């Protein structure tokens, strides 16, 4: 007994990949699926009659990959496959003699193709198979059952109905997802279909047609188990009758309460988000026209002021609207150079408009009124765009943006290098020597840190006043806190006074005494400063340089954020990005694995909110881009 047992080896224990095929199924009496192959028109007539009583059949076609080399009909469609539960017929019309459709296509086969009561099951059947039958054989094929539509109905209808659409899904994906085995796609697909078929070609051709038949019954059973069960999608050719195009909600084979066509949106009560622009006609559905958006482009260099740039952007949007109204491309309305001239010269009447280079009588008659209306708005002071002022200071009173300079935080230079003298009135030679700064170490600590006390300093010239007189001064008068803000003009004379050290001179050490001689703190301003300063923000910690792989991941996240941004309705073209590059770098570095870890990343809130609004799983995409999903 032991002599018959062989040791297990990697070759014997390794599982072999099982491809999907018709051989895996049995008929009603447990017999294998029968494959019928016809090479003549008479045999095709006999085979086609066996399928005329079927309600649905699997349908597929094959043709030579180089079909453009010959114009004969046999080279346009080589093989037609039809499948039912227990049999598969292969009509090799590429071997049928003749030059016309009547010579090549058997009457029963033509009846099968054109009968709308017999559903033809397949993927891309309308745009590929039926299109060839119409174009080359002048047939009128009907009854196209697109399996992608049924797949999306049962796949997403139960938990994500907003993804139910007419978007196509490959046959290989449907087979592996619904039938459990991958569909074999080898070089046989591009083989010669104008000669008698080999065994490999027969098995391949029979498999595609039978896959369509089994997919339909498998997915239709799942549809009937849904509560409530949605109606079947309409035949694919009916979308052409309603002039529907693009990625749109599924049309179902039923009528809504108001008499219109029932869609997946009306059945599930959820608007579709997986959509693209589409045209609708002969339906009662109304959709809001999309707001014209300005394409991201470089501002012309001739426009140097904000008013001209804003006017140019409005003129570009006006050109887009005029082009859509006239059904013309935008360049047919006018060129960018003409819009630049309009933004600079800003004509107010027709005579001035004709004086603009590039504007002729025809353009003035067609588009002049719209241009003048846009330009006239910019001559009203109330319509001029205000500059964007970024500040963290809270303004209690309205600020006149046209007269007041926006507050800003002075730029700080590194402590190791020599500080540049800022261009200010106090540093001018006319007002004496420049203000001396307190020397600091590379750590940022002041040499006078040891002299800092909690007692308020007296102001210059107020030695005889009570100590309470200086209590209103801010903490900026402490000698250890030096923000580099020069005192206001008018406080100092040509020769500045020096402050007296709060420590008795005889108590100073030699080094401290030397320090007191070479540097003295400038006197604090007696008059409160009227300038508005922005509170200083702590510098964000520097991020270590990313590796090449991390940069690729960061770029993927950046592209993903732009894709999510485009899904937002009516987003202004000049709106800031939904996530900063620093936050994207932190996502790559920290590599969050859970939602809690993702929420702890600084600056991620806006990104997560937009993804939630558009129905996108941010964490799933982060894991996918980082190679962990």
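The values are calculated or read from the model by the stated rules, or taken from the named source; none is laboratory data. Everything quoted here is computed from the prediction, not taken from an experiment. Glycine also receives a Cβ, built like all others from the backbone with ideal geometry; neighbour counts cover every protein chain displayed.
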Take the residues in region 243-262 that are over 26 Å from the mean Cα position of the chain (by Cα) and surrounded by 13 or more Cβ atoms within 10 Å (Cβ to Cβ), then tell me which one is modelled with the lowest pLDDT. 256
Go through region 600-629 and give me each residue that's free of Cβ contacts under 8 Å to residues at least 24 places away in the same chain and under 15 Å from residue 578 (Cα atoms). 601, 602, 605, 608, 609, 612, 618
Can you tell me which residue among 145, 123, 164, 169 is under 25 Å from residue 233 (Cβ atoms) and free of Cβ contacts under 8 Å to residues at least 60 places away in the same chain? 169
When restricted to 123, 164, the only residue closer than 26 Å to residue 45 by Cα and crowded, with 23+ Cβ neighbours inside 10 Å is 123
I want to confirm something. Restricting to region 340-397 and keeping residues that are at pLDDT below 80, over 17 Å from residue 322 (Cβ atoms) and in a helix (DSSP H, G or I), which single residue is farthest from the chain's Cα centre (by Cα)? 381
Of 221, 204, the only residue that is within 20 Å of residue 267 (Cα to Cα) and either in the same structural domain as residue 55 (by TED's automatic domain parsing) or modelled with pLDDT under 90 (or both) is 221
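Table: residues versus (1) surrounded by fewer than 12 Cβ atoms within 10 Å (Cβ to Cβ); (2) more than 23 Å from residue 299 (Cα to Cα); (3) in contact with a helix residue (DSSP H, G or I) (Cβ under 9 Å, 6 or more places away or on another chain); (4) at pLDDT 80 or above.
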position	(1), (2), (3), (4)
566	yes, no, no, yes
570	yes, no, no, no
574	yes, no, yes, no
583	no, yes, yes, yes
586	no, yes, no, yes
592	no, yes, yes, yes
608	no, yes, yes, yes
Can you confirm whether region 92-106 contains a residue that is crowded, with 18+ Cβ neighbours inside 10 Å, over 12 Å from residue 41 (Cα atoms) and touching a helix residue (DSSP H, G or I) at 6+ places or on another chain (Cβ under 8 Å)? no
Go through (1) part of a helix (DSSP H, G or I); (2) over 30 Å from residue 254 (Cα atoms); (3) in contact with a strand residue (DSSP E or B) (Cβ under 6 Å, 6 or more places away or on another chain) for residue 149 and report which single condition fails. (2)
Residues that are part of a loop (DSSP other than H, G, I, E, B), out of contact with any strand residue (DSSP E or B) (no Cβ under 6 Å at 6 or more places or on another chain) and in contact (Cβ under 8 Å) with a residue 60 or more places away in the chain: does region 204-224 have at least one? no
Options 620, 537: the member that is modelled with pLDDT of 85 or more, over 30 Å from residue 314 (Cβ atoms) and surrounded by fewer than 14 Cβ atoms within 10 Å (Cβ to Cβ): 620
